[in-house]
1. When you scan the stretch 34-45, do you find a residue that is part of a helix (DSSP H, G or I) and exposed (fewer than 12 other Cβ atoms within 10 Å of the Cβ), even just one?
2. Exactly one of (1) within 25 Å of the chain's Cα centre (by Cα); (2) among the charged types (D, E, K, R); (3) closer than 23 Å to residue 1 by Cα; (4) in a helix (DSSP H, G or I) is unmet by residue 59. Its number?
3. Would you please list the contacts, defined by Cβ atoms under 9 Å and residues six or more apart or on different chains, that run from a residue in the stretch 9-33 that is assigned to a helix (DSSP H, G or I) to a residue that is of a type in the set (Lys, Arg)?
4. Consider residue 63 carefully, then state whether it is open to solvent by less than 80 Å² (accessible area, probe 1.4 Å), closer than 30 Å to residue 39 by Cβ, in contact (Cβ under 8 Å) with a residue 40 or more places away in the chain and among the hydrophobic types (A, V, I, L, M, F, W, C).
5. For the stretch 37-52, which residues satisfy the criterion of being under 14 Å from residue 1 (Cβ atoms) and among the polar types (S, T, N, Q)?
6. What's the total number of residues in the stretch 12-31 that are in contact with a helix residue (DSSP H, G or I) (Cβ under 7 Å, 6 or more places away or on another chain) and either open to solvent by less than 60 Å² (accessible area, probe 1.4 Å) or at positive phi (or both)?
7. When you check residue 74 against the structure, is it surrounded by fewer than 11 Cβ atoms within 10 Å (Cβ to Cβ) and more than 15 Å from the chain's Cα centre (by Cα), yes or no?
8. What about residue 101, is it in contact with a Phe, Trp or Tyr (Cβ under 9 Å, 6 or more places away or on another chain) and either without any contact (Cβ under 8 Å) to a residue 12 or more places away in the chain or among the hydroxyl-bearing types (Ser, Thr, Tyr) (or both)?
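The values are calculated or read from the model by the stated rules, or taken from the named source; none is laboratory data. Computed from a predicted structure; not experimentally measured. As a convention, Cβ positions derive from the backbone with ideal geometry for all residues, glycine included, and neighbour counts pool all protein chains shown. Each accessible area value is taken on the protein alone, full model and side chains, heavy atoms only, with ligands, DNA and RNA left out. Shrake-Rupley method; radii C 1.70, N 1.55, O 1.52, S 1.80 Å.
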Amino acid sequence: MEIHEIESSMEAILFASGEPVAAERLAAVLGLDTDTVLNAASHLADRYSFERRGIRLVRMEHALQLCSAPEYADTVRLALETRKPPQLTQNSPEVLAIVAYFQPVTSTYIE
């Protein structure tokens, strides 16, 4: 297996996983030894960093994980920020109480 194929396979597995994957597991799946996987991971991590890509390959003891680049943290936070729910009006708790107590209820009955 060529280095490009190894890196692409690792990249696909790590992206799909979304969490750390043991280097030994990657080696077993790819039919390689752990040192080859770790060397390929190091090369891939260096390439992401050098090209200033939006992702990083991080090594955590004996596991590898893809994560977003720290310099894009604010952008990622803005994109994934959860919106605050709208505030309830003064009548909302009363309407909810009616619906909860008299279920099923029509809008005419609530009015």
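1. Yes; the residues of the stretch 34-45 include at least one that is part of a helix (DSSP H, G or I) and exposed (fewer than 12 other Cβ atoms within 10 Å of the Cβ).
2. Only one criterion is unmet by residue 59, namely (4).
3. 13/25; 23/59
4. It is true that residue 63 is open to solvent by less than 80 Å² (accessible area, probe 1.4 Å), closer than 30 Å to residue 39 by Cβ, in contact (Cβ under 8 Å) with a residue 40 or more places away in the chain and among the hydrophobic types (A, V, I, L, M, F, W, C).
5. Correct list: 39 only.
6. Total meeting the criteria: 6.
7. Criteria met by residue 74.
8. no
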